[in-house]
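Below: one structure, written as structure tokens.
The values are calculated or read from the model by the stated rules, or taken from the named source; none is laboratory data. Bear in mind that the values here come from a model prediction, so they are computed numbers and not experimental data. Every residue, glycine among them, receives a Cβ derived from its backbone with ideal geometry; neighbour counts consider all protein chains shown. Calculation scope for accessible area: heavy atoms of the full protein, side chains included, ligands and nucleic acids excluded. Shrake-Rupley method; radii C 1.70, N 1.55, O 1.52, S 1.80 Å.
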Amino acid sequence: MAENYVFHAWDYVVFASVLLVSTAIGLFYAFKPGGARQKTTEDFLLGNRQISAYPIAFSLAASFMSAVALIGYPAEVYNTGLNILMLNVARVFTTITVCLVYIPLFYRLNIISTYEYINRRFGQVVRYQIVFSFMVYMVFYLGFVTYAPSFALSQVTGMELWISVVITGLVCTLYTTLGGIKAVVWTDAFQLCIMVISLLAVLIKGSIHVGSFGKIWNIAKNGGRTNIFDFDPDPRKRYTFWTACFGALFGWISLYGCNQVQVQRYLACKSEKEAKKAIILNLISICVLFTISCLCGLVMYAVYENCDPIKANRVNSTDELTPLLVMELFHQMPGFPGLFVAGAYSGTLSTISSGISSLAAVCIEDFIKPIWKPWGELSNRKKILTSKLLAMTFGLVTIGLTGISSLMGRNIIQATLTFEGMILGPILGVFTLAALFPKSNGKGACVGWFVGVALSTWIGIGGLIYPPSSEFKELLETSTAGCMEINTTTSTPVNVTSPLTTIIFTKQEERPNIAETIYSVSFFYYSPIAWLSTLIVGLVVSMLTGGNENLDPCLIAPIVHTVYKYIFKTKPIPSIAETNDNLIQHPMPKESSKDCENSSVLTAIQSTKL
């Protein structure tokens, strides 16, 4: 443990209260008589598609930020400065892309699993490639986001690591299993409020502690932490304008446009219009939460301006900096440390519950329904019971995998974004082929996915084996001038590597040239590299194998139809031009829509080159 700080009784009361409220919401939606109860699997997985935009927006924000917002981002600002704020630009472009391409497409198809769309577009082989990628990503990602904040908090607060992991996982599994998507969405909204309150408490108390926020800003400015714009084109630097706006964009489009965790929430909205409203509100929520989190990083630098806790051997890794700051600011105010810990675990709860719900949906829609024929003959009660058992199983698996996730290291930001880039880039490539390129076919998507996965995995593992030297140079200077009785010759360096790196890392003089070029590329670029390789290979292979001559135009994103309309002066497809919010009441059949089959737009599409 980094410091001799401990929780008081009030801290445990606040922490336990958050867990109890989350559980109560799940019980409410599980046992309330009448319309709130689940009668079908669609009720359990999509809330009967009747949830409003506001709780969906807050749920999206809470599940996306997780504990990264409270623990990871302040530490990143402390070490690298406010240039990380440029990530908000990528979030804006992500929202625009999802609203234009993916929400209109998925909403008109009336599906539950996004991978059902890939099956109808490219066939079962590609579908299960993507499903496999998604499930591997989610299972290990959930294990990591459970372990990392729990470890950091246990090191500083003295909470037992595995007790907190197991309690968090069980509570989350309980309310997700009982309450379904409605419980997940409303607990996420509640947990987001706790996260915001926690960050605001740190910002306000830190400003009082230092003197004022103006003084904090001046200290951070003198320390080089307030430089937001960095136009250095070097792809090895993590937080430049280009890295944030271009590199992060593709990973987040994959998360918000193709990932079952997020898409399942759009489809739970009352209408397509409500779904778009939800993601726009989500953008506002995330930008506010992210900005407050980054400002807390400036508070951290002002407090530790003259005594870096890592160099002073008070903590062992960057992820312990934020919990240490909280315990120092609030150690004489019982209840407030518990509030922050509750906020951090709220982020973890929201991420886990969202993942468990999406994994259950994918398992039912992509495995059980297509493979097990008797599923259609089961009663609704047995179907709901099966759904809940699957949710419970995935929750228990998440708890079991938290130990394995420790191999990814303790830098939350780096580990999560590295893993996301390796998996999500190829998935986005396949969805891009499906939604925007009418002549692409299953063979092209299959080969393109393999190439994208192989390339991103090669670069990602190479980056773990040979950590980029430029990454160390990006860390801004910190001071120990104000530390008392510190032996700086034995101070512990910033932990920016993982145990896996320590095991297989070779000597500096043995580093190959490729380690300073390809392997040193910022982890933000893993997704666009994988996306582009998947797209190019998919298009080439599709062209060489004859393209796609029997295409249902309803499987192409509506924006493509609009473009073809103006290029070829064709009449828009009625099912796309006229049916917006009424598809829930009058859903498009899973076979080809009659409105689409004989469209002049389809004729133009099929007669056009890739």
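Taking Cα centroids, how far is the stretch 204-280 from the stretch 527-556 in Å?
31 Å
Starting from the amide H of Arg236, placed 1.01 Å from N in the peptide plane, find each other amide H under 5 Å away whose residue is 5 or more places distant or on another chain.
Ser522
Please give the direction-averaged projected area of the C-alpha convex hull for the stretch 220-298, in square nanometres with one decimal.
Values: hull surface 26.6 nm².
If I average the Cα hull's projected area over directions, I get 6.6 nm².
Can you list residues from other chains, or at least 5 along the same chain, whose modelled amide H is less than 5 Å from the amide H of Thr480?
Asp308
So what is Rg over Rh here for the stretch 191-239, counting just Cα atoms and using Kirkwood for Rh? Don't jump to the answer; show the numbers that get you there.
Values: Rg = 15.2 Å, Rh = 13.2 Å.
Using Cα coordinates only, the ratio equals 1.15.
Which of the residue pairs Lys273/Lys443; Lys270/Lys383; Lys182/Lys205; Lys276/Lys565; Lys270/Lys382 have a Cα-Cα distance greater than 29 Å in the structure shown?
Result: Lys273/Lys443; Lys182/Lys205 exceed 29 Å.
For a quick size check, give me the Cα extents of the stretch 338-382 along its three principal axes, largest first, whole Å.
49, 20, 7
What figure, in Å² to the nearest 10, do you get for the accessible area of Ser387 with a 1.4 Å probe and non-protein molecules left out?
Roughly 0 Å² of Ser387 is accessible to a 1.4 Å probe.
Ranked highest first by the average count of other Cβ atoms within 10 Å around their residues, in what order do 137-144, 209-216, 13-20, 316-323 fall? List each step's numbers first, then the result.
Working: 137-144: 22.9, 209-216: 14.6, 13-20: 17.5, 316-323: 25.8.
Output ranking for 137-144, 209-216, 13-20, 316-323: 316-323, 137-144, 13-20, 209-216.
To the nearest 10 Å², what's Arg314's accessible area with a 1.4 Å probe?
Surface open to solvent at Arg314 totals about 50 Å².
Quick check: at a probe of 1.4 Å, how many percent of the accessible area of the stretch 281-388 sits on carbon and sulfur atoms?
Ligands and nucleic acids excluded, carbon and sulfur give 60 percent.
Can you tell me the order of 109-118, 87-96 when each peptide is scored by its average per-residue count of other Cβ atoms within 10 angstrom, highest first?
Values: 109-118: 23.1, 87-96: 18.3.
Per-residue Cβ counts within 10 Å, averaged per peptide and sorted highest first, yield 109-118, 87-96.
Within the P(r) computed for the stretch 139-263, what percentage of the Cα pairs occupies the region above 25 Å? Mind showing how you got there, number by number?
Working: 4176 of 7750 pairs.
Roughly 54 percent, once rounded to a whole number.
Loop only by DSSP, 14 or fewer other Cβ within 10 Å of the Cβ. Give me the GluC sites (Glu not before Pro) in the stretch 510-552 that pass, ordered by residue number. Could the numbers behind the result be given before it?
Values: sites: Glu510, Glu516, Glu549; in loops: Glu549.
When the GluC sites (Glu not before Pro) of the stretch 510-552 are filtered for loop state and at most 14 Cβ neighbours within 10 Å, Glu549 remain.
Rounded to a whole number, what % of the accessible area of the stretch 107-237 do carbon and sulfur atoms account for, probe 1.4 Å?
Working: 3090 of 4580 Å².
Result for the stretch 107-237: 68 percent of the exposed heavy-atom area is carbon or sulfur.
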